[in-house]
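To start, the structure under review is shown below, and the notes come after it.
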Amino acid sequence: MAKKCDHSFLTLHSGTEQSQRLKKALLPSNFNLNDFSIEEWMAFAFNFAKEVNYFSTNNDTVSSGNWEAFFIEKETIAAFVSEIEKNSSLTPHLTLFVTFLKLLDLTKQRFNKITERHLHFYYEEILQIQKKEATEDQVHLLFELAKNAEKVLIKKETLLEAGKDTSGKRMQYNLDEEQVFNKARIAELKSVYHHRKTNNLNPLETHCIVAAAASNTKDGQEEPLEEGDTWLPFGFPKYHNAEVALPTATLGFAIAAPNLLLKEGRRLIQLEYTFNNNIGAISLSQALACIDIYATGEKGWLGPFKAVESIEAGYTSSISGKKLTFALEIDKTEEAIVPFNTSVHTGNYNTRQPLLLFQIKTEFTAFEAGYQLFTSLLEKKIDQVKIEVKVTGVTSLTLKNDVGTILPGKPFFPFGTQPVKRSSFYIDYEELFQKKWNSFSIDTLWLNTPNNFKDYYAEYDRDDNDISVTGDSYFTTKVLLNDRETLKSIDSAFQLFQKNGDLYENQLSVSNTNYTTGENGPLKLSLNTPFFHSEFPKIYALELLEKDNKQLPNTPYTPQIESIELSYTASQEVNFKNNTKSGNLAEIQLFHIHPFGQSETRETLIPTYCKGGELYIGLQDAEVLQQVTILFQLLEGTENPLTEAYVFPDKIEWSVLCKNTWLELDSNHLIKNGTNNFLKTGLVTIVIPKQATTQNTILPEGYIWVRAKTDKNFDAFCQVLNIHAQVGTATFLNQKNDLSHLLNGLPANTIAKLTERDALVKKVSQPYNSFGGKPEETSTGYYKRVSERLRHKDRAINQWDYEHLILQKFTEVYKVKCLNHTQGENYQAPGYVDIVVIPDIVDNNAFDIYQPRLSTAKRNEIQAYINTLNSFFITAQIINPEYEEIEISCKVKFHIGYDENYYVGEVEDAIKKYLSPWAFEETNSLNFGITFHRSKIIQFLEQLEYVDFLEDVQVKHRKNIFSAYQEKVNVIPTSPKAILVSAKKHYVTAIQSKCYSPTPKTVTPCLP
């Protein structure tokens, strides 16, 4: 069924303003029963005397004239009255007459108050409706304890001095409730805000995660605020402020494990994380570019390094299904990766293992994939972690033989200079043998070897001995590995010399066959055969005694190593599903990188920062089970009414940090919350739970941290002027004082001391004006309220009732327009009423002065109130006006002598003032039904003194921010709820003067 959209009958109704409620004609002072002045009485007497006949004593039947001669003529009355006090020659009868009139004037004042007295009699005596009495104001007071005091109890109704009133009488306030004040104070304010883009029409808006290390500063870091400046409690996204942007939050994860101890060589690392759910589709190359990797080095953090898509077989990065894999290479020129050391490395990681730190860049414009990766991993549980390393080119081995320790930096004799059978060579590398290695290999390059061992030892083969070197494979060793103090055989005959071109080398490879991790090594090589150093003298002597042309034997070869290198692979795999810290889990530690710290985790890879913001309040000198009252001084009315706000029972979540875990405060610990979700100034009183700790790592140590957490947008809350601890509330004690201070509140810093001094209290201060006070109801307000009450009878039936009931109850509302039988765009909806409300922008703050709106919380409050006064069959909805923007573009030619650059801005400001005058002048009101014709706008602009003429004037109109501007000649609001307003930006360009060609001049020679 088509919607019923005819709303012409509603458009004519413009609503009711606060100033329109009182009909001046009904005021008692508007009509006087006797309003004659002396001049008017004398004029009346003169005119009346002309009608009264005068009879002489001689003839009482025929008049001899009238009495006008006894009175002043009408034309001279004004002059006569002005000279009464100075005229000493006044006749006796006129003197008596003037005296009578002056006495009559005294009774006139009382006589004219008959209407007022009658009205009061009817209202107060008959109807029994009394004037509203004055409401005492309240103040927030800060208490500072003496140096040696730890806490102090201030009893209820304790008096405080507030100076004197206008009559010189003493003014006092008394404390509202008994309260214990202590040493706890606010030392730090921090925030983290995760913004999700909501408006596709704003090209500057993006997803982002920002952090403010000092929330109460301009830039979120250190730039101080000017006096009176405000700040947003949860931070703000990048697009919000063109001049200042909060830093992008530092987020990521870290992993610590023995396998990451990598001293030297070419080091390949592959980390594989398996989650409980699929990760999602993310560009691998873009994601890797958004991650900076750092490692713990000997002198500090090494890096940043980058993971790459592929290094070699078995070492590749990937994002697939439930698995996230990183592969990176640490070049051999890089320093050693060593265990984490708090004296060298920044951060607070509870580990003695080497660390790899992964920082994810989440700034959306530059690192979109990083943000996508972060959000994809949010709250995903880790099932398994696997670390694989491959190291090549290790040279700093620990080498020994039967003689002693060998220095590997230069050629050496592994089996000594006189090796014999069972001579031993030991190879040790602590980094390798303390890990769960998969395999390792030792590459050896021999020095000064013969070209062929068979030929070299040919002369050793004699009939009188058993020496017969058959080839290069003749010399072998036993290879053994120490495992838990037991030598286990790996190879009983490992060939020492393997020919490779002109060189001899070998590669000894060992695979792990379940050796005990951390209790194996070193590797032992034991010669199976000697190199015949002991036999050589005898063989040489015998050869000398034989015939002369016999070839003498070569000197025995002494094995000498030119270089030796170790390569190995190792892996670790831990299952986190059971979430219990077994011995296996202790080997691999995972950490979250938070914006302001770190924490160990066994559940998720990255810290959880969901949409919304978190405000952190660091309390110094606070103790568990203490009660702390915190004042949030807000600039009320600065929230964005268009942003989704809390609806009962949803609210801001309050919690306290306990061993890096946030403990939500229940009603026993959050005993007062007067801020209405940061929409009004108020006190929050908490009892610090006994689980609270000061030794945490996700936020600086030494403080008890209180967190306020929201899932709403940053501008759903009022801006903050300041936050204070140790605050109490006191109420004015009326001792028949003059109450004139209630109009504007008691000025800040008036109260500075207790009436009776307390030695434990060093200082009392009042940083802000008092609030909540109202003077006694004026007669005008009383008449207005009662007359409306008599008409609507406290029931909402018709338009007038709805509008006046709301205006009376909510003084912050400037104007109300009731649309009967209306629901949304359906203007014939029986049982529904839409009520459009406009806030007062003169006495209250406005988020957008061009488009003032009431917050969702306030509209909900009004809606709840009005629906209790109407019929059960009626549903009233409180809504904000629909503001429809007008955008002007034009070309302007200015009169000669006016600076074009400056006056272009003046024209734009003039357009804004013309379309939205209430944004600039307090006396102008917002009106429904106002239209703008192009010709009227042109006429207005042409009347500006600095404008010569206009060209290409375009008037564009759009219904809302989700629709495009359309050019129109006559702009008319599209609905009864709409008000035409100025756009924030108009496009004015100056018409340049036309260029001219100067008359050519004859060139005069410089030296004629």
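For the stretch 476-505, a residue qualifies if it is touching a residue at least 60 places away in the same chain (Cβ under 8 Å) and outside any strand (DSSP E or B), and exactly one does: Leu496. The C-beta contact set for the stretch 786-813 (first residue at negative phi, second residue part of a helix (DSSP H, G or I) and exposed (fewer than 13 other Cβ atoms within 10 Å of the Cβ), distance under 8 angstrom, 6+ apart or interchain) comprises Ser787/Leu26; Trp800/Arg791; Asp801/Arg791; His804/Arg791.
Among the residues that make up the stretch 31-41, is at least one of them surrounded by 14 or more Cβ atoms within 10 Å (Cβ to Cβ), at pLDDT 80 or above and touching a strand residue (DSSP E or B) at 6+ places or on another chain (Cβ under 9 Å)? Within the stretch 31-41 (the criterion being surrounded by 14 or more Cβ atoms within 10 Å (Cβ to Cβ), at pLDDT 80 or above and touching a strand residue (DSSP E or B) at 6+ places or on another chain (Cβ under 9 Å)), the answer is no, since none of the residues qualifies. Within the stretch 610-631, being of a type in the set (A, V, I, L, M, F, W, C) and surrounded by fewer than 20 Cβ atoms within 10 Å (Cβ to Cβ) holds for Cys610, Val624, Leu625.
When Asn867 is tested against (1) of a type outside the set (A, V, I, L, M, F, W, C); (2) surrounded by 14 or more Cβ atoms within 10 Å (Cβ to Cβ); (3) in contact (Cβ under 8 Å) with a residue 12 or more places away in the chain, exactly one condition is not met: (3). If you go through the stretch 532-542 and keep only what is surrounded by 15 or more Cβ atoms within 10 Å (Cβ to Cβ) and either modelled with pLDDT of 90 or more or not in a loop (DSSP other than H, G, I, E, B) (or both), you end up with Phe536, Ile539, Tyr540. Restricting the first member to the stretch 814-831 and to residues that are at positive phi, and the second to residues that are surrounded by 19 or more Cβ atoms within 10 Å (Cβ to Cβ) and not in a loop (DSSP other than H, G, I, E, B), the beta-carbon pairs closer than 8 Å and six or more apart or on different chains are His821/Val833; Gly824/Asp834.
Look at (1) in contact (Cβ under 8 Å) with a residue 60 or more places away in the chain; (2) under 16 Å from Phe358 (Cβ atoms); (3) surrounded by fewer than 18 Cβ atoms within 10 Å (Cβ to Cβ) and you find that Trp301 fails only one, number (1).
Every condition in (1) under 26 Å from Gly228 (Cα atoms); (2) among the polar types (S, T, N, Q); (3) surrounded by fewer than 18 Cβ atoms within 10 Å (Cβ to Cβ) holds for Gln719 except the one numbered (3).
Within the stretch 845-876, being of a type in the set (S, T, N, Q) and under 20 Å from Ser14 (Cβ atoms) holds for one residue alone: Gln851.
Please enumerate the residues belonging to the stretch 506-535 that are in contact (Cβ under 8 Å) with a residue 60 or more places away in the chain and of a type in the set (D, E, K, R). Residues satisfying the conditions are Lys524, Glu535. Counting the residues of the stretch 709-758 that are small (Gly, Ala, Ser) and either part of a strand (DSSP E or B) or out of contact with any strand residue (DSSP E or B) (no Cβ under 8 Å at 6 or more places or on another chain) (or both) gives 5.
A quick yes/no check of all residues on (1) at pLDDT below 95; (2) more than 25 Å from the chain's Cα centre (by Cα):
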site: Pro689; (1), (2): no, yes
site: Leu699; (1), (2): no, no
site: Trp705; (1), (2): no, no
site: Phe714; (1), (2): yes, no
site: Cys718; (1), (2): yes, no
site: Ala730; (1), (2): no, yes
site: Asp738; (1), (2): yes, yes
site: Leu742; (1), (2): yes, yes
site: Lys762; (1), (2): yes, yes
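The conditions of being touching a strand residue (DSSP E or B) at 6+ places or on another chain (Cβ under 7 Å), aromatic (Phe, Trp, Tyr) and farther than 30 Å from Val836 by Cα are not met by Phe928.
For the stretch 397-441, the tally of residues that are assigned to a strand (DSSP E or B) and among the basic types (Lys, Arg) stands at 1.
How about the stretch 919-944: which of its residues are assigned to a loop (DSSP other than H, G, I, E, B), without any contact (Cβ under 8 Å) to a residue 24 or more places away in the chain and of a type in the set (Asp, Glu)? Spell out the reasoning first.
So the first thing to find is which residues in the stretch 919-944 are assigned to a loop (DSSP other than H, G, I, E, B), and the list is 920-931, 943-944.
Now restrict to residues that are without any contact (Cβ under 8 Å) to a residue 24 or more places away in the chain: 920-921, 923-924, 943.
Glu921 - this is the single residue of the stretch 919-944 that is assigned to a loop (DSSP other than H, G, I, E, B), without any contact (Cβ under 8 Å) to a residue 24 or more places away in the chain and of a type in the set (Asp, Glu).
Look at Phe100 and say whether it is surrounded by 15 or more Cβ atoms within 10 Å (Cβ to Cβ) and not polar (S, T, N, Q). For Phe100, the condition - surrounded by 15 or more Cβ atoms within 10 Å (Cβ to Cβ) and not polar (S, T, N, Q) - is not met.
For the stretch 376-421, filtered to residues that are hydroxyl-bearing (Ser, Thr, Tyr) and in contact (Cβ under 8 Å) with a residue 12 or more places away in the chain, the residue that is farthest from Leu566 (Cα to Cα) is Ser376.
When Gln799 is tested against (1) crowded, with 20+ Cβ neighbours inside 10 Å; (2) touching a strand residue (DSSP E or B) at 6+ places or on another chain (Cβ under 6 Å); (3) within 30 Å of Leu119 (Cβ to Cβ), just one condition goes unmet, and that condition is (1).
Checked against the criteria, Gly280 does not count as in a strand (DSSP E or B) and within 32 Å of the chain's Cα centre (by Cα). Note on the stretch 149-182: among residues that are over 19 Å from Arg757 (Cα atoms) and touching a residue at least 60 places away in the same chain (Cβ under 8 Å), the one that is surrounded by the most Cβ atoms within 10 Å (Cβ to Cβ) is Asp165.
Output the residue which, of all residues in the stretch 506-530 that are part of a loop (DSSP other than H, G, I, E, B) and not polar (S, T, N, Q), is nearest to Gln434 (Cα to Cα).
From the stretch 506-530, those part of a loop (DSSP other than H, G, I, E, B) are 512-519, 528-530; that's our starting set.
Imposing the further condition that a residue be not polar (S, T, N, Q) reduces the set to 515, 518-519, 530.
Numbers: Tyr515: 11, Gly518: 4, Glu519: 7, Pro530: 33 Å.
Among those residues, the one meeting the criterion is Gly518.
If I filter the stretch 60-83 for residues that are among the acidic types (Asp, Glu), assigned by TED's automatic domain parsing to the domain that holds Asp35 and either touching an Asp or Glu at 6+ places or on another chain (Cβ under 8 Å) or within 15 Å of Ala49 (Cα to Cα) (or both), do I get at least one hit? So that I can check it myself, show each step before the final result.
Of the residues in the stretch 60-83, the ones among the acidic types (Asp, Glu) are 60, 68, 73, 75, 83.
Now narrow it down to the ones that are assigned by TED's automatic domain parsing to the domain that holds Asp35: 60, 68, 73, 75, 83.
From what is left, the residues that are either touching an Asp or Glu at 6+ places or on another chain (Cβ under 8 Å) or within 15 Å of Ala49 (Cα to Cα) (or both) are 68, 73.
The answer is yes; a qualifying residue exists.
On the given criteria, is Thr444 over 60 Å from the mean Cα position of the chain (by Cα) and over 25 Å from Ile490 (Cα atoms)? For Thr444, the condition - over 60 Å from the mean Cα position of the chain (by Cα) and over 25 Å from Ile490 (Cα atoms) - is not met. On the stretch given as the stretch 398-426, residues that are polar (S, T, N, Q) and exposed (fewer than 14 other Cβ atoms within 10 Å of the Cβ) total 2.
For the stretch 666-708, which residues satisfy the criterion of being under 21 Å from Tyr646 (Cα atoms) and either of a type in the set (Lys, Arg) or part of a loop (DSSP other than H, G, I, E, B) (or both)? Working first, answer last.
Narrowing the stretch 666-708 to residues under 21 Å from Tyr646 (Cα atoms): 666-667, 670-685, 706-708.
Across the stretch 666-708, the qualifying residues are Asp666, Ser667, Lys672, Gly674, Thr675, Asn676, Asn677, Phe678, Leu679, Lys680, Thr681, Arg707.
The requirement of being farther than 25 Å from Ser571 by Cβ and within 60 Å of the chain's Cα centre (by Cα) is not satisfied by Pro414.
Hey, can you tell me all the residues within the stretch 130-140 that are touching a Ser or Thr at 6+ places or on another chain (Cβ under 7 Å) and among the hydrophobic types (A, V, I, L, M, F, W, C)?
Matches in the stretch 130-140: Val139 only.
Here the strands (runs of 3 or more DSSP E) wholly within the stretch 189-276 that include at least 1 residues being more than 14 Å from the chain's Cα centre (by Cα) and either basic (Lys, Arg) or buried (at least 22 other Cβ atoms within 10 Å of the Cβ) (or both) are 251-256, 266-275.
The values are calculated or read from the model by the stated rules, or taken from the named source; none is laboratory data. Source: prediction; values computed, not measured. Cβ: placed from backbone, ideal geometry, glycine included. Neighbour counts: every protein chain shown.
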